[in-house]
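**Student:** The structure follows.
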Amino acid sequence: DPREFAGLLRAIDGFTGTLQVRAGLKLAALLLARPGELRGMRWSEIDMEGALWRIPAGRMKMRREHVVPLARQALELLRDLREVFGAGEFVLPSVGTARKPLSENTFNATLRRLGYTGDEMTAHGFRSTTSTLLHELGHDSRVIEVQLAHLDKDKERGTYNRAKYLPQRRVMMQAWADYLDELRGG
C-alpha cells in the first residue's frame, strides 16, 4: 500500500542511527538491488558521471553483470556517503571497520527497531514492494524485470534477448525516485 510504504520511508528518514545504515535503507528503496548486492556495493563499481552502478557478475545471483541506472536522489546519497567515508572500498562500510561492508542482518535489525515486523517488511521486501508499485504505476513489466535482474523465463528469448532497456530504465528509475519523494511528502 503506497500510504504504508510512505510511512516506512518517513520512518527511515527519521532513523537516528548511523549514516550508512540510514543511507543503505534509502538506497534499498531507490535501487531495487538484492540486500547482499547493496551491502557489498563498492566505489569501484560506481560511475558517478555516467550515473550507473555496474555490479560484476561474481556478485550477482545469476552470475551476470548487472547495470543499475542511478537517479538524481541516489547520486546525492552516494555523494554524501563519499564525503563522510572517503574513498574506502565499500560504499556502506561496517560500523565497526571500514574494511568490511555492513553486516548481513543490519537492514532487517534496523527495520525491527523502526517497528516493522518480519511479516511487514524485510530488506528483500523493498524489491517486491517496488515491483508491485511500479506495475501499478503502469511501467512496462519487461523493463521492471530487467531492473530486478530477473532472467526471461523463456530460455530462447532469454538467451538471445540482450536488450537491457537502459534508456527506459533510466526514465523509470528517475520517475520512481521522484515518486518516493512525493510519498515522503504525504
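**Student:** Examine segment 79-89 for a residue that is open to solvent by less than 50 Å² (accessible area, probe 1.4 Å) and closer than 23 Å to R184 by Cα, and state whether such a residue exists.
**Tutor:** Checking segment 79-89: at least one residue is open to solvent by less than 50 Å² (accessible area, probe 1.4 Å) and closer than 23 Å to R184 by Cα.
**Student:** Can you confirm whether R22 is open to solvent by 40 Å² or more (accessible area, probe 1.4 Å) and touching a helix residue (DSSP H, G or I) at 6+ places or on another chain (Cβ under 9 Å)?
**Tutor:** Answer is yes for this residue.
**Student:** Continuing with this model, one more query. If we keep just the residues of segment 50-62 that are modelled with pLDDT under 80 and closer than 14 Å to L148 by Cα, which is surrounded by the fewest Cβ atoms within 10 Å (Cβ to Cβ)?
**Tutor:** Restricting to residues being modelled with pLDDT under 80 and closer than 14 Å to L148 by Cα, the top hit is M62.
**Student:** In addition: Suppose we keep only residues that are under 23 Å from R10 (Cβ atoms) and in contact (Cβ under 8 Å) with a residue 12 or more places away in the chain within segment 99-109. Which one would you say is most open to solvent (accessible area, probe 1.4 Å)?
**Tutor:** Selected residue: N108.
**Student:** Consider F15 carefully, then state whether it is aromatic (F, W, Y), in contact (Cβ under 8 Å) with a residue 24 or more places away in the chain, touching a strand residue (DSSP E or B) at 6+ places or on another chain (Cβ under 7 Å) and surrounded by fewer than 20 Cβ atoms within 10 Å (Cβ to Cβ).
**Tutor:** no
**Student:** Could you please find all residues in segment 110-131 being surrounded by 14 or more Cβ atoms within 10 Å (Cβ to Cβ), without any contact (Cβ under 8 Å) to a residue 40 or more places away in the chain and under 25 Å from M173 (Cβ atoms)?
**Tutor:** Of everything in segment 110-131, those that are surrounded by 14 or more Cβ atoms within 10 Å (Cβ to Cβ), without any contact (Cβ under 8 Å) to a residue 40 or more places away in the chain and under 25 Å from M173 (Cβ atoms) turn out to be T122, G125.
The values are calculated or read from the model by the stated rules, or taken from the named source; none is laboratory data. These figures come from a predicted structure and were not determined experimentally. Heads up, the Cβs are rebuilt from the backbone with ideal geometry, glycines too, and the neighbour counts pull from every protein chain shown. Note: areas computed on protein heavy atoms with side chains; ligands, DNA, RNA excluded. Shrake-Rupley method; radii C 1.70, N 1.55, O 1.52, S 1.80 Å.
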